[in-house]
Ligand SMILES: [Zn+2]
């Protein structure tokens, strides 16, 4: 867990919690003590909190409101330059992605803009997105590289994540996604680019300690299963745990590969089969569903959350925040899509943006719940029932957000 940003360290007593939602269950009338950034004690409303002599205790009275653990957005491409509003407009009136790509649009335009942007510019752009996320109660965000596609820019993107990790209250988890697509200078030479990723980019990033996970876009006409396997194996050899962009547009076997390699998550899954669900059900791999991308791309096939949950698979929901296929940093909105389009219950959707997400990043001991020892992060809704979150779609009423025991949004705080 990152150290608190603001000295001196204080202890926070959170009182008047009407409903505490965690891992699909609700406990009523709770109070808790956060000390040194972690939950130090939790009890019922009538129990006295065990404070220490001379301890300065701040008090946050939630007045009977509903509280959730800090939300976790476990699949984002938060660091990027440029904007693709023009492309969105073209696509919405029927212009094909191939035509847009042929005139230099699509992901290549983001690669160009990200290569050109300075580190400082990228920090500024990403910080604004993180501020909006924090205001909605998101206190942990996974961020992928993948708009550099060359060693220098991939390192630059991951240094931006490291800089934000040092200077922003949100906990960041960096993922190397050098195998996002084939860069223009390797056009028609996918194998050579895979070689470059495996031989040069992965070792350099691991050596610099700038990533925790290694991801690959396993998709028809991008990286096939054999190429994805090479990338993920090189990541494993370098100490980076695997994640996979799998079965988004076509079912080509990324899910099975992820399960076989012990991936912490397989993400997208719109085109997943019953057989793949069977593989996932017998594994620890989390299914990360990204309904914002399904919606934004106008796809008709939604990921089968209901079937995954019924099979016992851990499901997470995430924004996939990126300029091409999901220009959205509103994680709570994904719970509405989870309910309205994926067949999830409100409790399942809320679990999928807290607990399931923690599991998708290997952080389940400290995130997704508010037991003793957990991160002292929570979202206090301006509502007495957590079901208001998916119900009031697109609109989040954060009454307060607590991050490492600091009240960073809400009563008494300057607005972000
Ligand atoms: Zn993605």
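The values are calculated or read from the model by the stated rules, or taken from the named source; none is laboratory data. All figures in this text were calculated on a predicted structure; none of them were measured in a lab. Here the Cβ is made from the backbone with ideal geometry for all residues, glycine too, and neighbour counts use every protein chain on show.
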Residue 244: closer than 30 Å to residue 352 by Cα, buried (at least 19 other Cβ atoms within 10 Å of the Cβ) and within 15 Å of the ligand (Cβ to nearest atom), yes or no?
-> yes
The lone exception for residue 405 - which of (1) at pLDDT 95 or above; (2) more than 29 Å from residue 301 (Cβ to Cβ); (3) buried (at least 23 other Cβ atoms within 10 Å of the Cβ) it fails = (1)
Failed item in (1) buried (at least 20 other Cβ atoms within 10 Å of the Cβ); (2) at pLDDT below 95; (3) more than 16 Å from the ligand (Cβ to nearest atom), with residue 298 passing the rest | (1)
Give region 269-290 a look and list any residue that's within 13 Å of the ligand (Cβ to nearest atom), farther than 25 Å from residue 239 by Cβ and surrounded by 23 or more Cβ atoms within 10 Å (Cβ to Cβ), or say none.
-> 269, 289, 290
Return the total of residues in region 330-354 being under 20 Å from residue 171 (Cβ atoms) and either touching a strand residue (DSSP E or B) at 6+ places or on another chain (Cβ under 7 Å) or crowded, with 22+ Cβ neighbours inside 10 Å (or both).
-> 8
Quick one: would you say residue 82 is touching a strand residue (DSSP E or B) at 6+ places or on another chain (Cβ under 9 Å), farther than 18 Å from residue 136 by Cα and away from the ligand (no atom under 16 Å from the Cβ)?
-> no
Search result, residues across region 124-146 that are more than 28 Å from residue 389 (Cα to Cα) and either surrounded by fewer than 21 Cβ atoms within 10 Å (Cβ to Cβ) or under 14 Å from the mean Cα position of the chain (by Cα) (or both) | 124, 145
Would you be able to tell me the number of residues in region 147-194 that are more than 15 Å from the chain's Cα centre (by Cα) and outside any helix (DSSP H, G or I)?
-> 15
Which numbered condition residue 310 fails, given (1) out of contact with any helix residue (DSSP H, G or I) (no Cβ under 7 Å at 6 or more places or on another chain); (2) within 16 Å of the ligand (Cβ to nearest atom); (3) at pLDDT 95 or above | (2)
Any residue at all in region 390-408 that is touching a helix residue (DSSP H, G or I) at 6+ places or on another chain (Cβ under 9 Å) and assigned to a helix (DSSP H, G or I)?
-> yes
Among all residue pairs at least 6 apart or on different chains, which show Cβ distances below 6 Å where the first residue, located in region 325-339, is within 16 Å of the ligand (Cβ to nearest atom) and the second is in a strand (DSSP E or B)?
-> 331/71; 331/73; 331/138; 334/317
Does residue 112 qualify as being in contact with a helix residue (DSSP H, G or I) (Cβ under 8 Å, 6 or more places away or on another chain), in a helix (DSSP H, G or I) and either closer than 30 Å to residue 66 by Cα or away from the ligand (no atom under 16 Å from the Cβ) (or both)?
-> no
Qualifying positions in region 207-255 - at positive phi and in contact with a strand residue (DSSP E or B) (Cβ under 7 Å, 6 or more places away or on another chain) = 247
Filter region 327-386 for residues that are over 20 Å from residue 297 (Cα atoms), modelled with pLDDT of 95 or more and outside any loop (DSSP other than H, G, I, E, B) and give the result.
-> 346, 347, 348, 349, 350, 351, 352, 375, 378, 379, 380, 381
